[in-house]
Amino acid sequence: MFDLNLLVPDHVLEIMATIIFQSYTELHSFLPEQKKFKAFLTRVTEHYHPAPYHNIEHDADVLHSVHCLS
């Protein structure tokens, strides 16, 4: 996951969330269209305050961890 952030900084949450949510086929009817979902994730990323630990990379890591635990 951390390698992903090195490859595409500032887009790690968008990519991780898209991959994870697409894997839940039973949720496809509830998800917004791809363009709106991407716009939402972009807005979240743009408004995330930089911090040493609680940053966008941490957010993507938590999303991935919760996905793995579910």
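Where a number appears in this text, it was derived from the coordinates with a stated rule and is not lab data. None of the values given here were measured: they were computed from a predicted structure. Every residue, glycine among them, receives a Cβ derived from its backbone with ideal geometry; neighbour counts consider all protein chains shown.
Relative to the dominant Cα principal axis of the chain, helix 56-69 is inclined by about 50°.
Using only the alpha-carbon atoms of the chain as identical scatterers, what base-10 log of I(q)/I(0) does the Debye formula give at q = 0.18, 0.20, 0.23 Å⁻¹? Those come out to -0.71, -0.86, -1.09, one per q.
Loop-located chymotrypsin sites (Phe, Trp or Tyr not before Pro) in region 1-69 (DSSP state not H, G, I, E or B) with no more than 16 neighbouring Cβ atoms inside 10 Å: Tyr24, Phe30, Tyr48, Tyr53. Full extension of the chain segment joining His58 with Ala39 gains 4.8 nm, where the gain is 0.36 nm per residue of separation less the Cα-Cα distance. Loop-located GluC sites (Glu not before Pro) in the chain (DSSP state not H, G, I, E or B) with no more than 11 neighbouring Cβ atoms inside 10 Å: Glu33. Which angle between 0 and 90 degrees, to the nearest 10, do you get for helix 12-23 versus the longest principal axis of the chain when only C-alpha atoms count? The angle comes out near 20 degrees.
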